[in-house]
Amino acid sequence: MAFITANWNPLGEAFYRKIELYEMGWSLRDGLKECLVAAAPYGGPIALLRQSQRPSSSARPQLEIYSSSGTNMASFPWKSGPVRQLGWTVCDDLLCIQEDGTVLIYDLFGAFKRHFSMGNEVVQNQVLEAKVFHSPYGTGVAIVTGASRVTLATNIDDLKLRRLPDVPGLQGAPSCWAVLTQDRQTKVLLANGTDLYILDNTSCTPVTPPGLSPQACSIVNMAVSFSYKYLALFTDSGHLWMGSANLKDKLSEVDTKVRTPPKQMVWCRRPKSQQPSVVIMWDRLLLVAGECTDTIQYTLDEDCVCVAELDGVRIVGGSRHELLQEVPSACQDIFKIASMAPGALLLEAHKEYEKSSQKADEYLREIKEQSVLGEAVRQCVEAAGYEHEPETQKTLLRAASFGKCFLSNYPPEPFVSMCRDLKVLNSVRDYTVGIPLTHTQYKQMTVQVLIDRLVYRKLYPLAIEICRYLKTPEYQGVSRVLKHWACCKVQQKEEPDESIAHAVSMKLGEAAGISYSEIAARAYECGRTELAIKLLEFEPRSGEQVPLLLKMKRSQLALSKAIESGDTDLVYTVVTYLKNEMNRGDFFMTLRNQPVALSLYRQFCKHQEQDTLKDLFNQDDDHQELGNFYVKASYKEKRLEARLSLLQSAVDEYNKAKNEFAAKATEEEMKLLRFQRRLDEEKGEALLGLSLQETLHALLTSNFHKQAEQLYRDFRVPDKRYWWLKLTALAEKDDWEEMEKFAKSKKSPIGYLPFVEVCVKQHNKYEAKKYVSKVAPEQKVKAHLAIGDLEGAAEAAIERRSEGEISTVLSRCSPTTDRALLERLNRARSTAAKK
């Protein structure tokens with residue numbers, strides 16, 4: 001703590017510090033010399049492509065991937081074409097841009113993922129220079145070709161190549177260039193000598209930086225800030241111009257006194273800082289320039305690479321990895337020599353308290369008198385987040401906790417949140433993990449992205465520990481990590497299927513939000529079909545099992561799972577798939593072994609595929625259903641001969657099924673059709689297709705009584721049905737004379753009440769009265785009431801001494817009914833009730 005400001009260097013009103021993050025664990029014989037280097041932001045991995053120092057050497061270049069602490073993650077010989085540039089995507093995939101415009105993509109562990117080309121023009125003219133950049137659309141690639149033309153791809157995941165307009169007078173490579181993202185548009189800023197141009201989709205616009213030194217003959221380097229808001233230009237006269245990226249405002253201009261073109265130039269600016277500063281690197285010199293004329297200079301004892309970050313610059317060397325940044329204001333207030341800021345006083349108070357000194361009370365009293373104790377706690381908490389040393393963090397947090405004891409209403413959330421954040425940050429900054437995130441970067445990145453990066457690096461235990469510590473919802477945290485672990489596990493080809501399936505089931509258990517089908521799909525993609533099937537056994541949702549089983553050509557198992565689910569739609573899906581994939585015979589045999597599927601398919605065929613239904617019955621020798629099929633088909637057939645043929649087929653099938661009743665009924669149907677055809681031919685009556693009852697009715701209403709009698713006898717129509725039909729037909733024709741003859745022909749099997757009723761229905765009570773006397777005694781009351789003979793109904797009811805019939809007659813009486821009749825009925829009902 002006593003030497004915490006020892007590495008601070010003033011620049012204008014700010015201080016800058018260089019913090020050692022790691023002593024690099026790699027063993028590089030010549031450091032970073034003769035290497036193409038690309039380091040991902042947010043403490044990401046580092047890629048090295050070591051070029052052969054001897055052009056005539058046959059040794060292949062070596063591509064190596066390291067964590068930020070120098071731990072080797074992948075290494076393999078480069079067997080493709082010459083590489084012009086390396087870069088990292090936002091997802092930590094490595095891009096290797098070759099001389100012919102081909103871009104190869106590798107994952108963090110050196111596994112090839114895919115490749116794409118930057119177009120035929122780039123292939124023909126070759127790549128002079130290339131840059132990988134990040135934009136709101138994703139990761140992009142920009143290329144300057146040998147024909148001095150710029151080709152751009154804004155998003156490599158949705159590749160759309162754009163060739164930008166030509167730059168006037170440009171021959172060969174530009175002096176320097178950079179990619180800008182402004183107003184969601186990607187542009188290129190290019191310098192050709194002293195001329196500066198902005199290239200967009202349609203135009204090449206010359207621009208002039210305001211206030212650029214007139215001594216400059218050429219712009220030799222440029223840098224865009226991490227946020228794309230600011231621009232720095234370095235001229236051949238050694239002047240550094242800083243301003244807004246839209247080239248409308250100038251921030252400052254500094255004479256560095258160095259005319260040699262720098263190797264690298266990057267911005268070093270905190271997000272909320274008012275101090276613009278740029279880091280410039282030469283072979284053995286690192287220079288920080290800001291608004292004032294002064295600069296900070298660091299001597300380099302090895303080749304280094306600068307990596308722009310959100311809140312500083314990482315400096316990667318052969319032996320060390322350092323962070324150069326502006327000292328945050330909270331840290332300045334607390335640690336600056338002789339500072340009287342509230343945070344500084346609280347820190348001193350806590351130190352004295354630990355010594356059991358009464359000075360602690362004096363410091364606290366001074367803070368309280370100024371009413372800044374809350375601000376003091378806030379400063380200590382905030383400063384703890386900016387410090388990398390755990391001991392310094394603890395000292396500041398203890399001071400904040402000490403100050404909180406004297407505040408009654410200080411909210412605990414900022415303190416608790418910072419403690420959690422620092423525990424997470426210290427765990428990922430550890431040498432074995434090698435992700436040197438700052439608190440500012442962590443908050444910008446979010447926890448979810450950090451978990452994703454740990455998962456991508458296969459640091460599953462740490463990811464799970466962080467999720468549990470932060471109490472992340474299971475489906476977003478632990479379950480998601482376990483799913484990725486399982487997807488990685490199934491790719492381990494050296495382990496047997498049983499072992500992997502058991503390990504996955506034991507580890508995942510019934511964790512929320514995990515789909516075993518996704519893990520099984522990954523196993524199938526890796527060629528491990530049997531493992532995928534074993535994993536699907538743990539998937540509780542049949543809707544997730546079945547599609548993958550079909551994809552794996554395990555249709556029988558898919559059908560069984562669909563049936564077990566009880567989901568008819570799922571069964572139909574599998575059956576439809578089987579029908580399209582299998583020949584007809586195998587398909588039917590498969591369904592025979594699955595009665596539920598067969599039944600559902602039959603239901604489907606009844607409505608959609610009648611011919612297929614017939615084939616199913618044939619396949620099963622189901623003669624009963626075949627007979628039913630032919631009968632139903634006959635109803636849809638308009639031609640008589642075809643209908644008779646279908647019915648004959650039905651008779652044959654019923655006979656085979658030994659269903660004599662159905663066969664006989666079908667034969668009767670055929671006999672009726674032939675009878676109808678004959679009558680049609682003889683009498684011109686359109687009877688074909690009518691039922692037996694309809695045919696009888698039609699004959700009777702058409703006065704074909706003889707034919708009706710013949711039909712009645714031939715088809716053994718029940719007497720009651722025939723009498724009803726004839727009676728109804730005669731009444732409809734008002735043929736009362738024929739009805740009277742019919743009634744006298746022989747005793748009616750249906751009685752004579754129907755005669756009365758049909759006459760009344762036809763509004764002919766006169767004819768109805770003729771049959772009342774013939775009506776059976778138990779129906780006489782109804783007959784008299786039907787014709788409106790209330791007295792007759794009363795006499796019949798009294799004679800039968802039926803209380804129910806007497807009550808029925810009384811209910812039909814009205815106020816105008818004869819009083820004597822009413823009294824008789826009431827006396828009779830009383831007498832009947834006594835019995």
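The values are calculated or read from the model by the stated rules, or taken from the named source; none is laboratory data. Predicted, not measured: the structure shown is a model, and the values here were computed from it. Note that each Cβ is placed from the backbone with ideal geometry, even for glycine, and that neighbours are counted across all protein chains shown. To get the accessible areas, we keep the full protein, side chains included, count just its heavy atoms, and leave off ligands, DNA and RNA. Shrake-Rupley method; radii C 1.70, N 1.55, O 1.52, S 1.80 Å.
Computed FRET efficiency, Cβ-Cβ of PHE406 and GLN444, R0 35 Å: what is it to the nearest 0.05? The calculated FRET efficiency here is 0.55. Counted residue by residue at 0.36 nm each, then reduced by the alpha carbon distance between them, the extension gain from ARG819 to GLN624 reaches 63.3 nm. One Cα centroid belongs to region 105-147, the other to region 451-477; the line between them spans 32 Å.
The GluC sites (Glu not before Pro) of region 486-515 that meet both conditions, a loop assignment by DSSP and at most 14 other Cβ atoms within 10 Å of the site Cβ, are GLU494, GLU510. In the neighborhood of VAL224, defined by Cβ-to-Cβ distances under 13 Å, what is the net charge if each Lys or Arg adds +1 and each Asp or Glu adds -1? Value of the local net charge: +4.
Any of LYS632/LYS656; LYS746/LYS780; LYS394/LYS507; LYS79/LYS493 with alpha carbons more than 29 Å apart? Name them for me.
On the way: LYS632/LYS656 18 Å; LYS746/LYS780 20 Å; LYS394/LYS507 36 Å; LYS79/LYS493 25 Å.
Pairs exceeding 29 Å: LYS394/LYS507.
Radius of gyration over Kirkwood radius for the chain, both on Cα atoms: the Rg/Rh ratio is 1.33.
Please go through region 18-54 and write out the trypsin sites (Lys or Arg not before Pro) that DSSP classes as loop and that have at most 12 other C-beta atoms within 10 Å.
ARG29
Counting 0.36 nm for each residue step from GLN124 to ASP183 and taking away their Cα separation leaves a gain of 17.9 nm. Using the alpha-carbon atoms, what tilt in degrees (0 to 90, nearest 10) does helix 660-683 show relative to the longest principal axis of the chain? Here the helix axis deviates by roughly 70 degrees.
When the helices in the chain are scored as -39500 (n - 2.57) per DSSP H run of 4 or longer and the sum is shared across all residues, what 222 nm value do you end up with, to the nearest 500 deg cm²/dmol?
-14000 deg cm²/dmol
Sorting 357-370, 560-573, 532-545 by their mean Cβ neighbour count within 10 Å, with the most densely packed peptide first, gives 532-545, 560-573, 357-370. Of all aspartates and glutamates in the structure, the ones whose alpha carbon falls short of 13 Å from that of LYS561, not counting any fewer than 8 places away in one chain, are GLU537, GLU539, GLU544, ASP569.
Label separation (GLU518 vs GLN648): 6.6 nm, computed from points 7 Å beyond Cα along the C-beta direction. Taking the Cα centre of region 285-331 as reference, the dipole from Cβ charges on Lys and Arg (+1) and Asp and Glu (-1) amounts to some 80 debye. Working from label points 7 Å from Cα in the Cα-to-Cβ sense, the GLU413 to SER499 distance is 5.0 nm. When +1 charges are put on Lys and Arg Cβ atoms and -1 charges on Asp and Glu Cβ atoms, the dipole computed for the chain relative to its Cα centre reaches about 2700 debye. Where does helix 705-714 land angle-wise versus the long Cα axis of the chain, in degrees 0 to 90, nearest 10? On a 0 to 90 degree scale, this one is about 70. Working from label points 7 Å from Cα in the Cα-to-Cβ sense, the GLN603 to PHE76 distance is 5.4 nm. Peptides 40-48, 645-653 ranked from most to least packed, by the mean per-residue count of other Cβ atoms within 10 Å: 40-48, 645-653. Expressed in nm to one decimal, what extension gain is obtained for the pair ALA511 and GLU738 from 0.36 nm per residue of sequence separation less their Cα-Cα distance? That pair, ALA511 and GLU738, stretches by 72.9 nm at full extension. Looking at region 31-207, what % of the alpha carbon pairs are farther apart than 21 Å? In whole percent, the long-distance tail amounts to 50.
In the chain, the longest principal axis of the Cα atoms and the axis of helix 623-636 are about 80 degrees apart.
On region 527-639, 47 percent of the accessible area sits on carbon and sulfur atoms, based on a 1.4 Å probe. Taking LYS33 as the anchor, which lysines have their alpha carbon closer than 16 Å to its alpha carbon, excluding any fewer than eight residues away along the same chain? Within the straight-line limit of under 16 Å, LYS33 reaches these lysines: LYS263. At an R0 of 45 angstrom, the distance between the Cβ atoms of ASP107 and SER237 translates into a FRET efficiency of 0.50. The residues of the chain have, on average, 49 Å² of accessible surface per residue, using a 1.4 Å probe with all protein chains present. At an R0 of 41 angstrom, the distance between the Cβ atoms of ASN764 and THR831 translates into a FRET efficiency of 0.65.
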